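Chemist: One structure is given below, represented as structure tokens, and several questions about it will come after.
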Amino acid sequence: MIETTSCGGVVIHKGKVLLLYKNQNGKYMGWVLPKGTVEDKESFRQTALREVREETRAFAKIQKYIGKTHYTFRGNEDIINKTVHWYLMSSESFHCKPQQEEFFADAGFYKKHEAFHLLKFYDEKQIVLKAYEEYDRMRANPNLKPRARKTEARPTGARQPQARPTQIKQTQNKQIEKEVLL
């Protein structure tokens, strides 16, 4: 089994979320969120921003870390166990263009309910719902700063900040992880 880590963004502009449609060699692959593999000496935040930019050409800004998802799939030669770290992001416009080299055929911003029905994977649907909860909270009170984010994992060798664990956040994150694994 190969362990791998990716990072991605839930980019929201004017209440709509950015999705990509993947169609590889004429085969429907589904609607997904932008994400990709962490490169050497790259932070998770850097990876998320780079992948959103590469895959969609959208300029996004990170608002906060919103959690991680896990899934397993069969690769060409082995089973892949992937962890994806997600960030809520904002964009200043609806401009986007799919990266054709990665077999993305379309990109666009969709309303919450549309995105929920278009997304192919359950874990991405759940992370979009979590992102909208935070987005709505931030819109309801523009003077609020994003909630203190849960300490996110760092690449091996990176300095780990001291975490101040809170019972509520740990419970919420465990619940999301349980839902994602179902």
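Chemist: Going by C-beta contacts inside 10 Å, put 106, 40 in order with the fewest on the left.
Modeler: 40, 106
Chemist: Using modelled amide H (1.01 Å from N, peptide plane; none on Pro or chain starts), what sits under 5 Å from the amide H of residue 108, excluding residues fewer than 5 places away?
Modeler: 19
Chemist: Based only on other Cβ atoms within 10 Å, what is the fewest-to-most ordering of 87, 132?
Modeler: The fewest-first ordering by Cβ neighbours comes to 132, 87.
Chemist: Around residue 103, with a cut-off of 13 angstrom between Cβ atoms, what is the net charge of the other residues, counting Lys and Arg +1 and Asp and Glu -1? Before the final figure, lay out each step's value.
Modeler: Working: positive: 22, 27; negative: 55, 101, 102, 106.
Value of the local net charge: -2.
Chemist: A further question on this structure: What is the dipole size for segment 8-88, taken about its Cα centre, with +1 at each Lys and Arg Cβ and -1 at each Asp and Glu Cβ, in debye to the nearest 20? It would help to have the intermediate numbers written out before the result.
Modeler: Details: 15 positive and 8 negative charges, 96 e Å.
My answer is approximately 460 debye.
Readers should treat all values here as calculations from the given coordinates under stated rules, not as data from a laboratory. Computed from a predicted model, the values in this text were never measured in an experiment. Don't worry about glycine lacking a Cβ; one is built from the backbone with ideal geometry, like all the others, and counts go over all protein chains shown.
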